[in-house]
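Working notes for the structure below.
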Amino acid sequence: MTEQSVTPTTPARHLVCEGALCSCDKAAAPIPIKVISHQRYYIHGIGTSRLIVTSHENDQRALNFGSCLATSPPLPCTAALLWRIPVSQQRIQLANGAYPLPDNATATCIAKGGQIHILTHGQLPGDSSHHSQFEPDSLPSSDNTTTIPPVPSSDLPETRSNTIVSLSGPDTVTTEGSWEVQFTQPPTPEDISLLHWVLEDEQGHQENTLHGNIRFTYRFQIHGQFTLRVFGGATSETMLSQTIEVVPSGLSSTHTLCRPGETVTFTLHTNPTDHPINWIQTDEKSNSSPLATTSTNSIQQTFVQPGSYVIQAITPQQTWQQSITVCYNRIQSIHTDQPTITGSTIIFHIQQMVFPEMNLPEKNKLHWKLEGPENIHCQGLQDFRHHFTLSGNYILYAYLYDIHQEAKLQFTVKTAMVHSGKWIDADGQVIRQAGYDQEIGLYFEHTGLETQRVQLEIYARQTLRTILVLAETLQLPASKKVYYQLDTHKSLQQKIPQTWNGREAYLYFQIKTTAFPLLHSDRTFPGNYTEHLLITEKQQIVKAYFTDMQEQRTYFVTDHHREIALKIYAINLNNTVLDITLLRLQSPHHLQRPLTLYPITALQPQLTQHTVLHRCQCTVDKKGTVFLKVPLNTLQHYSLIYALIKLPGFNAVYTPKILVYPAECIKLKDPLKASASTVIERVSIRRQQSCESLVWGSRVSCAFRKKVINIAQKLQADPNHLMTCMAFETGGSFLPHLLSGYRPANTPAPEAITDKQLGKHAVGLVQFTGTGIDHLNSRWKLDVSKRKLVRMTAEEQLKYVYFYLLEFKGKLNTLEDFYMTILKPEGTGKSEQYVVFSEALDERMGKQWYEKNQGLDFNNDTIITKKEVSIIIHKKYTEGLNYKNECSVNCPLHLNEQSTHQSQWHHPTDHLQLRGWYDCWAPERSKYGYIPERKSGKHQGLDFYAPIGSPIYACVDGVITESYYSDSYGYVVILNGEYDNESYYFFYAHLKDKPLYEPGINVKAGSIIGYTGKTGNAIHMRTEQEHLHFEIRVSDKVGRGLDQRIDPLQLIKELNQYPIINPDKNNQYAKNT
């Protein structure tokens, strides 16, 4: 579709170019836009040029969102876009008649009604001077916004031009009209086939469409103003429009609904004739009676009795009729905008009636009746006011004639109170100590304070002294759970007296209100004295433990195959570099107080008596944490592992120990497994094919995926559907012990879950309820409980997921039906309009299903339909596409397999190891990815330590594709070759001089292709910093940042060796040259 003029809502800042990210409210995820209308106009940026997006990018070739969620099940996207550009920004018109899109342009999909918005302009990031700015008053003239001149017409193929020029048809109709379009030349069938008609009402809603017809005919059902548009041309580049007024015809009345005793005027909309008009009234029992014979076109009639009537106007030529309903007014709904809280005066209003307004007799007749813990009845008041003193469930009636047929409102009056409060860090973890440089917040749960303004007061105490250090007004969200982050440096440190010892104080807080009384308003939080937050200026490590990579559990025992990490919490040590040494215990430990400060001299013997496994330096982040991956795969025997952490100055601490054992030699019993907080996965498969790729597959183990596929085959279902449903129920964590209502980050560990929590919450991969477990045990003769489920591994719990779903075998045909078996089984197989939950249903049945699942209410109309469930679960499926699995090298299913292709790999340099020296020893900075300590914040490859003149080898068989010099990379050579049957581009930078081979030359793995140097931005590096910059690219054309680049350590298994990733600083010394 072509562009439409609109009034700008936000100013345009940039022109949009190819690759700009666009969103649609009927699609699951944004996508980049493609230019299909030209190859002639560009935006010139830094080292690149990108095509300008125009208003002719208007179909699925330019924007294809994959699936359209406007239908159920979702259908393929068939975008047909009508772009809207503000009039003031249509001053730049290209030779093809299109307008460049500014970044505030929007579009409507006339196929399905989707609303498209531009999220990013698509120009490369950098200095603002390099972005093509949108200038509405003149054409862009800077070098950065010039366009490539159009191709001369002599070079263009000859095309036949036949455009639409006019639209003929009536401007005013009564019921039906016909409109026709004219061309510049007699139209061919092909010209007509490109026509597209769109009819819209006054609000812009689409009434009708027609394609491939020269004439548009339509019969209108309602009166009002409409807009008819017709689009022509192969790319719909021409549009004509006409405004149509639909006026009444036949017989009309001043009212179609009136009260008894009111007078209504009926008018016949025809040309006056010489014949009189006979008026006849017929009631709902088909009793007819003549009213009058008139020579005028109107008559007035007063109705006395309620009922339905038909008034007829009869002439010799024709008979017309008009229906009218006579009834008494009734109250249909009432509401209040205030929170229903004890101790406050609530005002209730009439929200809807049969008639828009009440007359005076009705105002005097209006009754209000309140039933519940408090009862009251009054009359003659337009609004109802009441001061509630008792909490509980109430019903309020408002009626004029019949209490049972008119409005009632059921509501609950709550007592406003704060239940609990805690101090937490930025990750939501409860803390007891913090430093002034740390991000901390407070968390509390309440009843009755949703959307209210409250007063937060924070107090500091030391011995017998207490002072108020912070008082702020908070606007609470609609949630019952509140998190509020503090600026400790500005808010607290300046308020606590310097005379207090070490500025050390215990913090607690209070929540107060002024609008209404708060129960236990003098209560302080946390309620337990020992949970008050100790804030101090001292530098110390307050917590250190071994955890999994998702930080879900603490490990005391694990096997050497498991990936674990050391998590450290420090206070007042932000941006401090800690020396961390991982040690294997060789002799009895003479120190028995982990995390206690010791002089470094007291711990020095441990460095000689115990085996050093790993040594590194890590920087404490702004949250006060360090997260260090612990390498265990080199351990072959039972080992007690711990870490020694050196702090600034002369102090150090050591961590609690963890037992690491060979997985092949031991299998822990279930009680020990639970107490160790570890999950042991044992897979014994002789020969298997590689894992099938599943949505969300990268979040689980190979064994888990294998069982999911097996279960899906037995259930005659799609394994991707099962993965999506479990991901939705567990927040993408697949934790077998996740409790309903908890986030994966704060759900308790299995051994910490109480019986009371199990009684209140569903648990596990599909959120098993007590009722569901009882049904499982009864139906399949099982003996399972919530307690047993939380102690299982995810793989073990899949057995009970299968039994739960078994009775639905053969019915799991769609994703929404699969999820309905978990959410509400009786909805399986129902239509998309099926009501799953609603407020009205909860009120009738005394349940809270809607409140617990309110997040599924896509349009917030208090009704959750199966269609809404479908939209949300399909979004979860789309999200899972980002986490599809690819089997890793150490996948258990591959242990006994031989690779079909043995990649011949040669290290790019001799004595391969990551570069370690920067301003300090920090080999982590030489890795790929986001590296905060680097100037750019990211690193596109790996830096390998290599003194000047070290030979550089071809890492695989391949062909030299490029060889050049740049100011940043210096001398560069690029090798294109295959690894594991996939083609990659291997990039070498900072060479000493020009590579030994020219582009196009084939080389073998291990061939010397150049020598390392210090060219480009490496020219001023010290001798201990000399290195080879090495990247792996998936395309020969790359963008900025990490675009088209991948992590070599993730791809090349030969690089995942301990000496390479964890170099010894003694091997990277400054050369004496």
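Rule-based calculations on the coordinates, nothing more; no lab input. Values in this document were obtained by computation on a predicted structure and should not be read as measured data. No Cβ is skipped: glycine too gets one built from the backbone with ideal geometry, and neighbour counts run over all protein chains shown.
The table that follows gives values for the structure above.
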read-out	value
Straight-distance crosslink candidates among lysines, where the alpha carbon sits under 21 Å from Lys884 and sequence neighbours closer than 8 are dropped	Lys706, Lys707, Lys875, Lys876, Lys1053
Sum of side-chain charges, Val959 neighbourhood, beta-carbon under 13 Å (Lys, Arg +1; Asp, Glu -1)	-4
Spherically averaged projected area of the range 250-326 from its Cα convex hull (nm²)	4.6 nm²
Which of Leu167, Gln540, Asn64, positive extreme of dipole for the chain (C-beta unit charges)	Gln540
For the range 540-675, with +1 on Lys and Arg beta carbons and -1 on Asp and Glu, the positive-most of Met549, Ser587, Ile568 along the dipole	Ile568
For percent of Cα pairs over 51 Å apart, calculated from these coordinates, the label among [x] 44; [y] 48; [z] 71	[x]
Reach of Lys992 by Cα under 15 Å, taken over aspartates and glutamates that are not fewer than 8 positions away in the same chain	Asp967, Glu1026
Per residue, the convex hull volume that the Cα atoms of the range 923-1067 enclose (Å³)	112 Å³
Candidate lysines - alpha carbon under 17 Å from Lys622, same-chain residues fewer than 8 apart omitted	Lys490, Lys538, Lys543, Lys567
Dipole moment magnitude, nearest 20 debye, the chain about Cα centre, only Lys, Arg, Asp, Glu C-beta charged	4220 debye
Fraction of beta bridges assigned by DSSP in the chain that are antiparallel (%, nearest 5)	95 percent
Order of Leu518, Leu765 - criterion: other Cβ atoms within 10 Å of each residue's Cβ, fewest first	Leu518, Leu765
Helix 600-609 vs. the chain, principal-axis angle (Cα, 0 to 90°, nearest 10)	70 degrees
Residues Thr336, Thr499 arranged by fewest to most Cβ contacts within 10 Å	Thr499, Thr336
In order through the range 1027-1044: 3J(HN,Hα) via Karplus (6.51 cos²θ - 1.76 cosθ + 1.60), integer Hz, x for Gly, Pro	7, 9, 8, 10, 10, 10, 10, 9, 9, 6, 10, 10, x, 7, x, 9, 4, 6
Summed side-chain charge close to Gln913 - residues other than Gln913 whose Cβ falls under 12 Å, Lys, Arg +1, Asp, Glu -1	-1
Mean ellipticity per residue at 222 nm, deg cm²/dmol - from DSSP H runs of n ≥ 4 across the chain, formula -39500 (n - 2.57)	-3500 deg cm²/dmol
Translational D in µm²/s for the range 515-643 (Stokes-Einstein at 25 °C, 0.890 mPa s, Kirkwood Rh from C-alpha pairs)	141 µm²/s
Sequence of Ile314, Ile974, Ile1001 once ranked by neighbouring C-beta atoms within 10 Å, starting from the fewest	Ile1001, Ile314, Ile974
Radius ratio Rg over Rh of the range 697-883, counting only Cα atoms, Kirkwood formula for Rh	0.94
Dipole magnitude of the range 503-570, debye to nearest 20 (Cβ charges: Lys/Arg +1, Asp/Glu -1, about Cα centre)	160 debye
Summed residue charge, Cβ within 11 Å of Ser785's Cβ, Lys/Arg positive, Asp/Glu negative	+1
Helix axis angle, 866-880 relative to the chain longest principal axis, alpha carbon, degrees	20 degrees
